[in-house]
Number of protein chains: 2
Amino acid sequence: MTMQPRTIEAATRVNGLDMAAAFATIDAIKQNPQLAQFRFRARNHWIDGGENRSTIRDFYGAGREDDSRSEDFVFTNGEPPVLLGNNEGANPVEFLLHALAGCVTTTLVLHAAARGIAIRSISSELEGDIDLHGLLALDDAVAPGYREIRIRMAVEAECSPGELDELMAFAQAHSPVCNSVCRPVPVVIERAR
Amino acid sequence: MTMQPRTIEAATRVNGLDMAAAFATIDAIKQNPQLAQFRFRARNHWIDGGENRSTIRDFYGAGREDDSRSEDFVFTNGEPPVLLGNNEGANPVEFLLHALAGCVTTTLVLHAAARGIAIRSISSELEGDIDLHGLLALDDAVAPGYREIRIRMAVEAECSPGELDELMAFAQAHSPVCNSVCRPVPVVIERAR
């Protein structure tokens, strides 16, 4: 199912999203598929121990370099004492849960809006299991990453329980972060010389 | 290769990490493998449109609930105008790049320290490609997530270029976030009723 306005009236603000703009974007992409190509970026530098900091600002999308951000977003990774840090920030695997929660939520809100379904509230609790034998290279049979991530999501929406179940499954299948976690994504590391 | 102190002298602070504590942790895990089991958590709630907010604080690890954090970490996802938002925060796929950068960096710093290699600096630039045909469900053949992520990393370390290449490959292979992106991780979404 692709995003199509079900009625003319649907092309207004739904769930805080300007659906007229959304459908205009979709029409533009159908005319010129190249507009759908986005390239996101981050820069990071090490501070000390388990502390490092990223800046995020520019990206490419919709056929141009974006210039909408007047300041950098800055985020600090840290580690708790049990992982040799001083809680300088959340740690990277926790930031991954934040990214996943946000992406599934936004994807759900977007596709609900496309169907004309008003969302009243969404809250979610995530947990994921990691066995440090992997990170520490103590057992090559143990994957260093998450074994599984569980999301328990409470949604209040103006639709039937069946529609909501279908919408949640649709959001899971179409969320970029969820798809990047569920599916193997090639990561290429090059050393700058 | 597992983490082993190469010399007694290595069991001190290296790259900002207390390696005596690190090797004590490893010894404890070897005695009781259950101590390596960690469970990380995040809670998120939708605000409006593409804006939502996560809180991160508690986790389980090393055989107990951690209580080292006196305050929540709070992070806001947003979207740029071209993606129907107001730049309320970085967006989820950008937070994923931040998590990935930080995790590869920390894993590199840790395993360098375990080998007694002093790191002077690390900086990295990440970029990843996303085709919106996936998110928007305009083409089922297009994956919604990243097609590929590239990390260009500059490292100054007290080792040979060959050792550094090997160390970077080792960090990539053992980074929990990198492994969670490279490898398919099951994500289970349950609706709270």
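Just so you know, all these numbers are worked out from the coordinates, no wet-lab data involved. Remember, predicted model here, so these are calculated numbers, not experimental data. Virtual Cβ from ideal backbone geometry, glycine too; neighbours counted across all protein chains shown.
As a ratio to 2.2 N^0.38 Å, the alpha-carbon radius of gyration computed for the stretch A:31-71 takes the value 1.60.
Residues A:Thr107, B:Thr55, arranged from fewest to most other Cβ atoms within 10 angstrom of their Cβ, appear as B:Thr55, A:Thr107. Round to the nearest 0.05 the FRET efficiency obtained for B:Asp58 and A:Asp140 when R0 = 35 Å and r is the Cβ-Cβ distance. According to the calculation, E is roughly 0.70. Distances, shortest first, from the label point of A:Arg147 to those at the same position in the other copies read 3.6 nm; the point lies 7 Å along Cα to C-beta. Principal axis extents of the C-alpha atoms in the stretch A:61-188 (largest first, rounded to whole Å): 50, 39, 29. Computed over neighbours whose Cβ is under 9 Å from that of B:Gly85, the net charge equals -3, Lys and Arg +1, Asp and Glu -1.
Charged neighbours of B:Ala171, selected by a Cβ distance under 14 Å, balance to -2 (K, R count +1; D, E count -1). Roughly what angle does helix B:161-174 make with the longest principal axis of chain B, taking Cα atoms, 0 to 90 degrees, to the nearest 10? Roughly 60 degrees, rounded to the nearest 10.
In terms of Cα atoms, the Rg and Dmax of the stretch B:1-136 work out to 19.4, 57 Å.
For chain B, what does -39500 (n - 2.57) per DSSP helix run (n ≥ 4), summed and divided by total residues, give at 222 nm, in deg cm²/dmol to the nearest 500?
Details: 5 runs with 61 residues, N = 193.
Calculated mean residue ellipticity at 222 nm is -10000 deg cm²/dmol.
Here the Karplus relation 6.51 cos²θ - 1.76 cosθ + 1.60, evaluated at θ = phi - 60°, turns the backbone of the stretch B:125-131 into coupling constants of 10, 10, 8, x, 9, 10, 9 Hz, with x for every Gly and Pro.
Quick one: A:Leu100, B:Leu35, fewest Cβ neighbours within 10 Å first, how do they rank? Walk me through the intermediate numbers first.
Details: A:Leu100 32, B:Leu35 17.
Ranking A:Leu100, B:Leu35 by Cβ neighbours within 10 Å, fewest first, gives B:Leu35, A:Leu100.
Please compute the net charge surrounding B:Thr76, taking Lys and Arg as +1 and Asp and Glu as -1 over other residues with Cβ under 10 Å from its Cβ. Computed value for this residue: -1. In degrees between 0 and 90, to the nearest 10, how far off the longest principal axis of chain B does helix B:92-114 point, with axes built from Cα atoms? Roughly 0 degrees, rounded to the nearest 10. Between A:Glu158 and A:Ile47, the distance separating the two model label sites (each 7 Å from Cα on the Cα→Cβ line) works out to 4.6 nm. Using R0 = 25 Å, the C-beta based FRET efficiency linking A:Asp129 and B:Asp129 works out to 0.25. Amide H contacts of A:Asn87: A:Glu79, each under 5 Å away and 5 or more positions distant or on a separate chain (H built 1.01 Å from N in the peptide plane; Pro and chain starts excluded).
Put in order of Cβ neighbour count within 10 Å, fewest first, the listed residues B:Asp18, A:Asp67, B:Asp131 become A:Asp67, B:Asp18, B:Asp131.
Grab the alpha carbons of the protein assembly as shown, take their convex hull, and tell me the volume per residue in Å³.
Numbers: hull volume 50.7 nm³, N = 386.
Convex hull of Cα atoms, per residue: 131 Å³.
If you average 1/r across every pair of different Cα atoms in the stretch B:105-145 and take the reciprocal, what Kirkwood value do you get, in Å? Please list the in-between numbers first.
Details: mean 1/r = 0.0749 Å⁻¹.
13.3 Å is the Kirkwood radius here.
Helix B:19-31 and the longest principal axis of the Cα set of chain B meet at an angle near 80°.
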